[in-house]
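**Student:** Pasting a structure below so you can have a look.
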Amino acid sequence: MLLPFKAEAQISGVITDSLTHEPLMYINVQYEGKSVGAVSNVDGEYKIQARRGWDELTFSAIGYITKKVKLKPGTTRLDVQLAPDNVMLAEVVVKPKKERYSRKNNPAVEFMRKVIAHKKGLKLEEKDYYQYRKYEKMKMSLNDVTPEKMEKGIYKKFSFFRDQVETSTATGKLILPLSVRETASRTIYRKSPESKKTIIEGVNSSGIEEFFSTGDEAMGTVLRDVFSNINIYDDDIRLLQRRFVSPIGRGAIAFYKFYLMDTIMVDNRECVHLTFVPNNSQDFGFTGHIYVVHDSTYAVKRCTMNLPHNTGVNFVEHLNIVQEYEQMPDSSWVLTDDDMTVELGLMKKLQGVEIQRTTKYTDYDFEEIEARLFRLKGDVVKEANMMNKSDEYWAQVRQVPLTKKESTMDVFMNRIEQIPGFKYVIFAAKALIGN
């Protein structure tokens, strides 16, 4: 939702979890019965226009009890706490910074021990064969492009920059997309003799990364190295060139504090909802929520992970990961959705950067795979025509529609290229990204 550039009266505040006191992102904020709304960002912050005569705000999200708040005349600041859905507050005390946490006789810990004990049987590598298709969209944008910023500097001098601005679906902030890279691939696996290969079938990129190099050895390669794939069923997670402890890793019980919330419905499946925080917020761990199917499989249905503010990973201001799992007809549990949003602050005087990675997994199959495919050289195999796929091909494999700004990226780049001194900006950016 683009806001007018002129100053208007606003109501702002922070939305937090009433139990963990962690900021809540993606909370919908709306006037009761009206179409005007907003979404909280990764810090739980929201802003919404103040309207005369509109006196009730509704705060809502899946997994939390909807809260309606009557507004007093002249209200400009409103902080809100939301309670997890179906949580009996009298039975749960969650104050990670103050309480004496004990693992002994802790039902949350005992439950997580069962989750960890059952995870081996849920890993796809226990099967003789598996394969799936993967669609990934990596998008890099200038972050937090406020209406005030668009009234000065390059935004004021070149009006077409303002035309490229859109609202981030992840944070609700205004962003300016600079590059989009799509990758379509197929992964195959054989247990004995063990072999796993990823076949890159299509790559489609547009935007500023085209100015950095040619072919597929582009800036996207750097981004994929930093923002690697995440498997919570592994004991350790490699991310941002760091090692993080998985919330269901073998060392998770000693590393995290777990809090048992309650049972809730997630996509029509009854799940046990737990929250987790590192013992030490400066350790390389996550805070978040995990939803485990309430049956004998102890399978993860959904997991959200955030980076604690005090972790201190260079340049990373915020990180959010959301993963969804589904059960296949043969009862196997597989990852279907993996969304990651990272906000980077490179330098104090420079505009921040938002990177969104949207990943969809489809067409899982566990039948035997012909042996010749495993004789291909390398763990990653690139098809010869992967850079030259037709529009019809991308229309078929694309799991997430491009936004209007993403689809007109080439036109935007052509206009940028005409700016005097542009090549010197690219030279400086290459040095910055290389570091």
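The values are calculated or read from the model by the stated rules, or taken from the named source; none is laboratory data. Nothing here was measured: the structure is a model prediction, and the numbers come from that model. No Cβ is skipped: glycine too gets one built from the backbone with ideal geometry, and neighbour counts run over all protein chains shown. Only protein heavy atoms, including side chains, enter the accessible area calculation; ligands, DNA and RNA are left aside. Shrake-Rupley method; radii C 1.70, N 1.55, O 1.52, S 1.80 Å.
**Student:** With θ taken as phi - 60° and the coefficients 6.51, -1.76 and 1.60, list the Karplus ³J(HN,Hα) couplings across the stretch 13-26 in order, rounded to whole Hz; mark glycine and proline as x.
**Tutor:** x, 10, 9, 10, 6, 5, 9, 8, 6, 7, x, 10, 9, 6
**Student:** Let me ask something else. At a 10 angstrom cut-off on C-beta neighbours, averaged per residue, how do the peptides 73-79, 298-304 rank from highest to lowest?
**Tutor:** 298-304, 73-79
**Student:** With the full set of protein chains in place, find how many percent of the accessible area of the stretch 234-373 is carbon and sulfur; take the probe as 1.4 Å.
**Tutor:** 44
**Student:** Return the distance in nm (one decimal) between the two label points of a simple spin-label model at A384 and K191, each offset 7 Å from Cα along Cα→Cβ.
**Tutor:** 3.6
**Student:** Same structure again: So which of K123/K382; K47/K257; K139/K191; K152/K360; K120/K257; K127/K360 end up more than 30 Å apart, counting from Cα to Cα?
**Tutor:** K47/K257; K139/K191; K152/K360
**Student:** Run the simple label-point estimate for D234 and D163 please: 7 Å along Cα→C-beta, distance reported in nm.
**Tutor:** Label-label distance for D234 and D163, simple model: 4.4 nm.
**Student:** Taking H as built 1.01 Å from N, whose amide H comes closer than 5 Å to the amide H of R398, not counting residues under 5 places away?
**Tutor:** none
**Student:** Could you give the length gained on full extension between E110 and D128, defined as 0.36 nm per residue of separation minus the Cα-Cα distance, in nm?
**Tutor:** Length gained between E110 and D128: 3.3 nm.
**Student:** For the pair H21 and R52, what calculated FRET efficiency results from E = 1/(1 + (r/R0)^6), where r is the Cβ-Cβ distance and R0 = 30 Å, to the nearest 0.05?
**Tutor:** Approximately 0.35, to the nearest 0.05.
**Student:** Also, quick follow-up: Once label points are set 7 Å from the Cα along Cα→Cβ at both D267 and D79, what is their separation, rounded to one decimal in nm?
**Tutor:** 3.6
**Student:** So, one more: Gain in length, Q396 to F315, computed as 0.36 nm per residue apart minus the alpha-carbon separation, to one decimal in nm?
**Tutor:** 25.5 nm
**Student:** Ordered by residue, what ³J(HN,Hα) values in Hz, to whole numbers, does the stretch 182-194 give under the Karplus form 6.51 cos²θ - 1.76 cosθ + 1.60, where θ = phi - 60° and Gly and Pro are x?
**Tutor:** Listing the rounded values in order: 10, 9, 10, 9, 10, 10, 10, 9, 10, 6, 9, x, 4 Hz.
**Student:** A further question follows. Order of 50-56, 255-261 by packing, highest average Cβ count within 10 Å first?
**Tutor:** Ranking, from highest mean packing down: 255-261, 50-56.
**Student:** Ranking request for peptides 9-16, 246-253: highest mean number of other beta-carbon atoms within 10 Å first, then the rest in descending order.
**Tutor:** Packing proxy ranking, top to bottom: 246-253, 9-16.
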